[in-house]
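Taking it in order: structure first as structure tokens, then the write-up.
The values are calculated or read from the model by the stated rules, or taken from the named source; none is laboratory data. Model, not experiment: these values are computed from the prediction. For neighbour counting, all protein chains shown are included, and Cβ atoms are generated from backbone atoms with ideal geometry for every residue, glycine included. Accessible surface areas use protein heavy atoms only, side chains included; no ligands, DNA or RNA. Shrake-Rupley method; radii C 1.70, N 1.55, O 1.52, S 1.80 Å.
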Amino acid sequence: MREDRIAKLKALLERESNDSFIRYALALEYAGANEPAQALALLEDLVHRDPSYMPAYQQLGYFYQKLGRREEAVSAFRRGMEIATQQGDHHARSEMQDALDDMES
């Protein structure tokens, strides 16, 4: 089932290579399929392609956190919080602040 979703998202991404949501959704599918390297590569590429796509920073922060890459996690969360503030997304900003607070405790 997950393989079908991954295949469909990859096909969509081939047609819509600049679609940030498709790239993000594909990264989450790879994460769910226990393919973190693929997911991480897609998220890193996404923030390079679309620096204002805030959800990617949040997920990158979580990935880096799981991988023990603390400084990169902090950086991703902080950048995501800046964008969330600019976009008025207080909920996402709060979630990333909570993740940072958990890292410091």
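For the chain, what's the relative contact order in percent, using C-alpha pairs closer than 8 Å and at least 6 residues apart?
16
Dividing the summed helix terms, -39500 (n - 2.57) for each DSSP H run of n ≥ 4, by the number of residues in the chain produces a 222 nm estimate of -27000 deg cm²/dmol to the nearest 500.
The alpha carbon centroids of the stretch 16-49 and the stretch 71-105 are separated by 19 Å.
With both labels modelled 7 Å from their Cα along Cα-to-Cβ, the LEU13 to ASP98 distance reads 2.8 nm. The local environment of VAL47, defined by Cβ-Cβ distances under 11 Å, has a net charge of 0 under the rule Lys, Arg +1 and Asp, Glu -1. Under the convention that each Lys and Arg Cβ holds +1 and each Asp and Glu Cβ holds -1, the size of the dipole of the chain around its Cα centre is about 200 debye. Using 0.36 nm per residue and subtracting the Cα-Cα separation, the extra length available between ARG5 and GLU71 on full extension is 20.5 nm. When GLU71, GLU82, GLU35, GLU3 are compared by accessible surface with a 1.4 Å probe, the order from highest to lowest is GLU71, GLU3, GLU82, GLU35.
Rank ALA41, VAL74, GLN59 by how far each Cα sits towards the positive end of the charge dipole of the chain (+1 on Lys, Arg Cβ; -1 on Asp, Glu Cβ) and give me just the farthest. With unit charges placed on the Cβ atoms, the residue in question is ALA41.
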